[in-house]
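Report on one structure; see the data block that follows.
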Amino acid sequence: MSIELESRKSTTADEKLLNILRSELLIAKEMLKGISNAFNALGKGEYEAVRWLSEEVRKSKENAVLL
């Protein structure tokens, strides 16, 4: 019985770790998308690129808090 309980604890811990990693990957994906948009905005001017990047970082931080 204790082996079964230990197995469940391990599975639960593994699932929690996987969920954390998924969240981190989603945040990184959003940040990369923001950086990409910022570079695309460079054609529109440097101010616009900085604005895009700042906005995307802000969104990523908000998403991190929600997760």
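The values are calculated or read from the model by the stated rules, or taken from the named source; none is laboratory data. The model shown is predicted, which means the values in this text are computed figures rather than measured ones. Virtual Cβ from ideal backbone geometry, glycine too; neighbours counted across all protein chains shown.
What to note about this one:
- Test: residue in region 32-51 that is on the phi < 0 side of the Ramachandran plot and modelled with pLDDT of 85 or more: yes
- Test: residue 51 is loosely packed, with under 14 Cβ neighbours inside 10 Å and without any contact (Cβ under 8 Å) to a residue 24 or more places away in the chain: no
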